[in-house]
1. With the structure loaded, tell me whether Glu49 is at pLDDT below 90, open to solvent by 80 Å² or more (accessible area, probe 1.4 Å) and of a type in the set (Asp, Glu) or whether it fails that test.
2. Can you name the residue in the stretch 57-91 that is of a type in the set (Phe, Trp, Tyr) and in contact (Cβ under 8 Å) with a residue 12 or more places away in the chain and, of all such residues, is farthest from Trp37 (Cα to Cα)?
3. Every residue in the stretch 34-46 that is open to solvent by less than 60 Å² (accessible area, probe 1.4 Å) and farther than 15 Å from Arg87 by Cβ, please.
4. Can you find, within the stretch 52-76, the residue that is most open to solvent (accessible area, probe 1.4 Å) among those that are closer than 19 Å to Arg87 by Cα, among the hydrophobic types (A, V, I, L, M, F, W, C) and not in a loop (DSSP other than H, G, I, E, B)?
5. Taking the conditions exactly as written (at negative phi, assigned to a loop (DSSP other than H, G, I, E, B) and among the acidic types (Asp, Glu)), does Glu49 satisfy them or not?
6. Might you check whether a residue that is modelled with pLDDT under 90, of a type in the set (A, V, I, L, M, F, W, C), assigned to a loop (DSSP other than H, G, I, E, B) and open to solvent by 80 Å² or more (accessible area, probe 1.4 Å) occurs anywhere in the stretch 81-90?
7. Report whether or not Ala22 is modelled with pLDDT of 90 or more, open to solvent by less than 60 Å² (accessible area, probe 1.4 Å) and either assigned to a helix (DSSP H, G or I) or of a type in the set (D, E, K, R) (or both).
Amino acid sequence: MHYSSAPPSPSPRPGSRRAAIAWVFVPLLIATALGTWAVWPVCIALPDEEVARFNPPIAQREDQVWHVRTFQQREGLWHHCKPRIARAFFF
């Protein structure tokens, strides 16, 4: 007969796998939410005087940040659109 001197390995606790998954996915979900919030576009209406000073004219501009056109016309007004993170740190 062969006897092992090592004690048997303990069986994993039932909740330990669930806790391990939570430690991975909860921070991932928080990072995803913060990232989404940071890149969400914020649009501010431009005064008519400022629109008139654009060269080239604002209607001809094709500026784009990631997936959002920088200058958008909504309800007859021109808007300057940027991600929240750009508005927070650049101006």
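1. Numbers: at pLDDT below 90: no; open to solvent by 80 Å² or more (accessible area, probe 1.4 Å): yes; of a type in the set (Asp, Glu): yes.
No; evaluated as a whole, the condition is false for this residue.
2. Here is the first cut: in the stretch 57-91, the residues of a type in the set (Phe, Trp, Tyr) are 66, 71, 78, 89-91.
Filter once more, so that each one left must be in contact (Cβ under 8 Å) with a residue 12 or more places away in the chain: 66, 71, 78.
Values: Trp66: 14, Phe71: 20, Trp78: 23 Å.
Looking at residues that are of a type in the set (Phe, Trp, Tyr) and in contact (Cβ under 8 Å) with a residue 12 or more places away in the chain, I get Trp78.
3. Listed by number, the list holds a single entry, Gly35.
4. Ranking the qualifying residues of the stretch 52-76, first place goes to Val65.
5. On the way: at negative phi: yes; assigned to a loop (DSSP other than H, G, I, E, B): no; among the acidic types (Asp, Glu): yes.
Taking the combined requirement at face value, the residue does not satisfy it.
6. There is at least one residue in the stretch 81-90 that is modelled with pLDDT under 90, of a type in the set (A, V, I, L, M, F, W, C), assigned to a loop (DSSP other than H, G, I, E, B) and open to solvent by 80 Å² or more (accessible area, probe 1.4 Å).
7. Values: modelled with pLDDT of 90 or more: no; open to solvent by less than 60 Å² (accessible area, probe 1.4 Å): yes; either assigned to a helix (DSSP H, G or I) or of a type in the set (D, E, K, R) (or both): yes.
The answer is no for Ala22.
The values are calculated or read from the model by the stated rules, or taken from the named source; none is laboratory data. As the structure is a computational prediction, the values presented were derived from the model and not from experiment. So basically every Cβ, Gly included, is an ideal-geometry build from the backbone, and we count neighbours across all protein chains shown. Protein only, heavy atoms only, side chains kept; ligands, DNA and RNA dropped before computing areas. Shrake-Rupley method; radii C 1.70, N 1.55, O 1.52, S 1.80 Å.
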